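For reference, the structure is listed below as structure tokens.
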């Protein structure tokens, strides 16, 4: 027997949506906005992540004046991953860049490419959720070469992360967007940079940072490099003249307004999993970024 339409609607409204578990929340964050697999998951020559080696390290390596490093194994493997790390060990690594005392290179901070200055903004519940999810990642034995440090490690503070966020902030679209962009460390690449220092004031969002195979290895075999674009609200130099849908397509599908394919290392395939409300919040926040050339 079919229910009357009005009664069916009442029943649908009366039944609350199932609450997201911490593991589900952690999986969502790790596999979308944080895009951890973009660095930590090995890839095929054409740049596709190898699913059975998820987060086992070696996805990308970096050769810089300050350090040479390969993205670490962050699976639950005891010997080559983080299986022996406590929850607090993982949290400190994420938000402070500190290795536990029993880890390799104990006492040496994680390389500056690890965006701990941005992850500092993670709400406690999201940090807990990320750890809960990482505990479910299957162990994969994959020993990664130790990083080589040529200069002291410097994690440059990011203003919004230093100010912090509250759970109440995430109820408002623009503040939610600011939070997602922060933990997604978008401005790490899209802000002007000079002598290894990002300009989060005059250069905020103006792009220009160059990436190439001499700096980043393992992206894909035929990659020639790319330049981070201006994502301020400037109508011509930035994305101020773009529609919301054009910005969303660029983030999730990697196509520019003119239809040209955008290149790595931006994590388009991970961002494709963002929920509609989160993606809209990111766009709402981007509209607030002052126009700069």
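With respect to residue 228, is the statement that it is more than 17 Å from the chain's Cα centre (by Cα) and under 29 Å from residue 45 (Cα atoms) true? Here the answer is no, as residue 228 does not meet what is asked.
Checked against (1) modelled with pLDDT of 95 or more; (2) surrounded by 13 or more Cβ atoms within 10 Å (Cβ to Cβ), residue 264 passes all but a single condition, namely (1).
Listed conditions (1) touching a helix residue (DSSP H, G or I) at 6+ places or on another chain (Cβ under 9 Å); (2) within 21 Å of residue 211 (Cα to Cα) are all met by residue 248, apart from (2).
Could you tell me whether region 202-209 includes any residue that is loosely packed, with under 14 Cβ neighbours inside 10 Å and either under 15 Å from residue 289 (Cα atoms) or touching a strand residue (DSSP E or B) at 6+ places or on another chain (Cβ under 8 Å) (or both)?
Filtering region 202-209 down to residues loosely packed, with under 14 Cβ neighbours inside 10 Å leaves 202.
With the extra rule that they be either under 15 Å from residue 289 (Cα atoms) or touching a strand residue (DSSP E or B) at 6+ places or on another chain (Cβ under 8 Å) (or both), the set shrinks to 202.
Looking through region 202-209, at least one residue is loosely packed, with under 14 Cβ neighbours inside 10 Å and either under 15 Å from residue 289 (Cα atoms) or touching a strand residue (DSSP E or B) at 6+ places or on another chain (Cβ under 8 Å) (or both).
Is at least one residue of region 170-184 within 20 Å of residue 95 (Cα to Cα), without any contact (Cβ under 8 Å) to a residue 12 or more places away in the chain and either in contact with a strand residue (DSSP E or B) (Cβ under 9 Å, 6 or more places away or on another chain) or assigned to a loop (DSSP other than H, G, I, E, B) (or both)? Within region 170-184 (the criterion being within 20 Å of residue 95 (Cα to Cα), without any contact (Cβ under 8 Å) to a residue 12 or more places away in the chain and either in contact with a strand residue (DSSP E or B) (Cβ under 9 Å, 6 or more places away or on another chain) or assigned to a loop (DSSP other than H, G, I, E, B) (or both)), the answer is no, since none of the residues qualifies. Looking across region 132-169, just one residue is surrounded by fewer than 16 Cβ atoms within 10 Å (Cβ to Cβ), touching a strand residue (DSSP E or B) at 6+ places or on another chain (Cβ under 6 Å) and more than 22 Å from residue 195 (Cβ to Cβ), and that is 145. None of 258, 277 is assigned to a helix (DSSP H, G or I) and surrounded by fewer than 17 Cβ atoms within 10 Å (Cβ to Cβ) except 277.
Looking at region 139-162, which of its residues are assigned to a loop (DSSP other than H, G, I, E, B) and within 23 Å of residue 81 (Cβ to Cβ)?
Of all residues in region 139-162, those assigned to a loop (DSSP other than H, G, I, E, B) come to 139-147, 150-158.
Within region 139-162, 139, 140, 141, 142, 143, 144, 145, 146, 147, 153, 155 qualify.
Only residues that are closer than 12 Å to residue 156 by Cβ, touching a residue at least 12 places away in the same chain (Cβ under 8 Å) and either assigned to a loop (DSSP other than H, G, I, E, B) or more than 18 Å from the chain's Cα centre (by Cα) (or both) were counted across region 194-213, and they come to 3.
For region 33-131, list the helices (runs of 4 or more DSSP H) that sit wholly inside it and hold at least 3 residues that are surrounded by 22 or more Cβ atoms within 10 Å (Cβ to Cβ) and either touching a strand residue (DSSP E or B) at 6+ places or on another chain (Cβ under 6 Å) or in contact (Cβ under 8 Å) with a residue 24 or more places away in the chain (or both); which are they? Even if it seems obvious, please write down each step before you answer.
On the way: elements: 37-40, 87-96, 116-119.
Answer list for region 33-131: 37-40, 116-119.
The values are calculated or read from the model by the stated rules, or taken from the named source; none is laboratory data. Fair warning: this is a prediction, and the values are worked out from it, not measured in the lab. Note: ideal-geometry Cβ built from the backbone for every residue, glycine included; neighbour counts use all protein chains shown.
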